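The next block holds one structure in the form of structure tokens; read it before the comments.
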Amino acid sequence: MKILKIDHLGIAVKSIEGGKNFWTDALGLKFEGTETVAEQKVTTAFLPVGESEVELLESTAPDGPIAKYLEKKGEGIQHIAFRVENIEEALAELKAKGIQLIDEKPRKGAGGARIAFLHPRATSGVLVELCER
Ligand code: ZN
């Protein structure tokens, strides 16, 4: 498995509109619009930072994963995403190493990426996303 870089940090916010000002006005990151991923009940906004990005995540439904996260933990870093060269290969390798996966197969993420989550139980409590673009 080849990890290429930290692709992005996923940050759960109650509202992208309300939460983006710190990132855009104070830090000067560029806001490039939002994208809704209906099957994950989430609207995302990616703000590039050098070779990585900040991903703001807003729930589109009260039973979505981000809504549940906000209810339990409040706003904050929800996941860390590593870009891999080949996501199927990475998942197979991790599975063979006994790492608990949330997604056995990649699913569709924002920006046309293919993504898969590892279980926080296997990663010291951090929700880890693998993504291939
Ligand atoms: Zn993400």
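The values are calculated or read from the model by the stated rules, or taken from the named source; none is laboratory data. Remember, it's a predicted structure, so these values are computed and weren't measured experimentally. Cβ: placed from backbone, ideal geometry, glycine included. Neighbour counts: every protein chain shown. Side chains included, ligands, DNA and RNA excluded: accessible areas come from the protein's heavy atoms. Shrake-Rupley method; radii C 1.70, N 1.55, O 1.52, S 1.80 Å.
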Taking protein heavy atoms only, a 1.4 Å probe, and rounding to whole percent, the accessible area of segment 1-120 owed to carbon and sulfur comes out at 53 percent
To the nearest 0.05, the calculated FRET efficiency linking Asp25 and Ala96 through their beta-carbon distance, R0 being 35 Å, is 0.15
Bridge orientation stat for segment 3-132 from DSSP, antiparallel percent rounded to 5, came to 75 percent
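Which links in Lys41/Lys72; Lys41/Lys73; Lys2/Lys73; Lys14/Lys105 stretch past 20 Å when you go from one Cα to the other?
In this structure, Lys2/Lys73; Lys14/Lys105 exceed 20 Å between Cα atoms.
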Among GluC sites (Glu not before Pro) in segment 84-133, those in a DSSP loop whose Cβ has at most 10 other Cβ atoms within 10 Å are Glu104
Counting only protein heavy atoms and leaving out ligands, DNA and RNA, the solvent-accessible surface of Val42 at a 1.4 Å probe, in Å² to the nearest 10, equals 10 Å²
In segment 68-128, the trypsin sites (Lys or Arg not before Pro) that sit in a DSSP loop and have at most 16 other Cβ atoms within 10 Å of their own Cβ are Lys97
The answer for segment 3-132, accessible area per residue at 1.4 Å probe in Å², is 54 Å²
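Can you give the Rg/Rh ratio of segment 3-132, where Rg is from the C-alpha atoms and Rh is the Kirkwood radius? If you can, show how the numbers build up before the last one.
On the way: Rg = 14.5 Å, Rh = 15.1 Å.
For segment 3-132, the value is 0.96.
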Restricting to aspartates and glutamates and to Cα separations under 19 Å from Lys30, and discarding same-chain partners fewer than 8 apart, the set is Asp7, Glu17, Glu51, Glu53, Glu55, Glu58
Expected field for Ser59, accessible surface area in Å² at 1.4 Å probe radius, rounded to 10, holds 30 Å²
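So what is the calculated 222 nm ellipticity per residue for the chain, using -39500 (n - 2.57) for each DSSP H run with n of 4 or more, over all residues, to the nearest 500 deg cm²/dmol? Kindly include the intermediate steps, with their values, before the conclusion.
Details: 3 runs with 23 residues, N = 133.
Mean residue ellipticity at 222 nm (helix-derived): -4500 deg cm²/dmol.
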Dividing the alpha-carbon radius of gyration of segment 1-61 by 2.2 N^0.38 Å, where N counts its residues, gives 1.16
Mean-square fluctuation maximum in Gaussian network of the chain, Cα pairs under 10 Å, restricted to Gly19, Gly33, Gly50, hits Gly50
